[in-house]
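A short worksheet on the structure shown next.
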Amino acid sequence: MNSFITLVTGILIFLANSSDIPYSTIEKAIKANDSKTIIQLGKDPIQLNILGKEGAYNHSQAEMILGDFFTKIPKGDFVFVFKGKETSDGTFAIGKYTLKKESFRLSFHFREIKTSSKLESLTIEKE
């Protein structure tokens, strides 16, 4: 009986940790062009590389930079094409943002900080 309880507890802990990254929140925020929600999921400062403009920014700066991208390329469709490659460096995910004939690749890097995953960097590249 104790081994069964240990097994169930282990599975629950594994599932709780594996779903720590808020994929659905990110997906909804990108579709809504909500830069604030996306940036609030990140470390402060957060690293951005948006169409070649790269740097480490505090949250308010990062919101403006990501918001500028959404202003220029608004209301695209977004889907994750790859979720959750865990390495010793963190967790990686890749998404695709499309609007008409334009397509962009979004790369997310999350790092475990204390008890939650924080967005460490976001890269947006034109495909």
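The values are calculated or read from the model by the stated rules, or taken from the named source; none is laboratory data. Keep in mind that this is a model prediction, so the values were computed, not measured. Glycine gets a Cβ as well: all are built from the backbone with ideal geometry, and neighbour counts include every protein chain shown.
Residues in the stretch 72-108 that are of a type outside the set (D, E, K, R) and at positive phi were compared, and the one that is surrounded by the most Cβ atoms within 10 Å (Cβ to Cβ) is G90.
What about S107, is it touching a Lys or Arg at 6+ places or on another chain (Cβ under 7 Å), free of Cβ contacts under 8 Å to residues at least 40 places away in the same chain, polar (S, T, N, Q) and in a strand (DSSP E or B)? No.
Residues in the stretch 13-58 that are surrounded by fewer than 18 Cβ atoms within 10 Å (Cβ to Cβ) and β-branched (V, I, T) were compared, and the one that is modelled with the lowest pLDDT is I13. Q61 falls short on exactly one of the conditions (1) in contact with a strand residue (DSSP E or B) (Cβ under 6 Å, 6 or more places away or on another chain); (2) surrounded by 14 or more Cβ atoms within 10 Å (Cβ to Cβ); (3) at pLDDT 95 or above, and that condition is (1).
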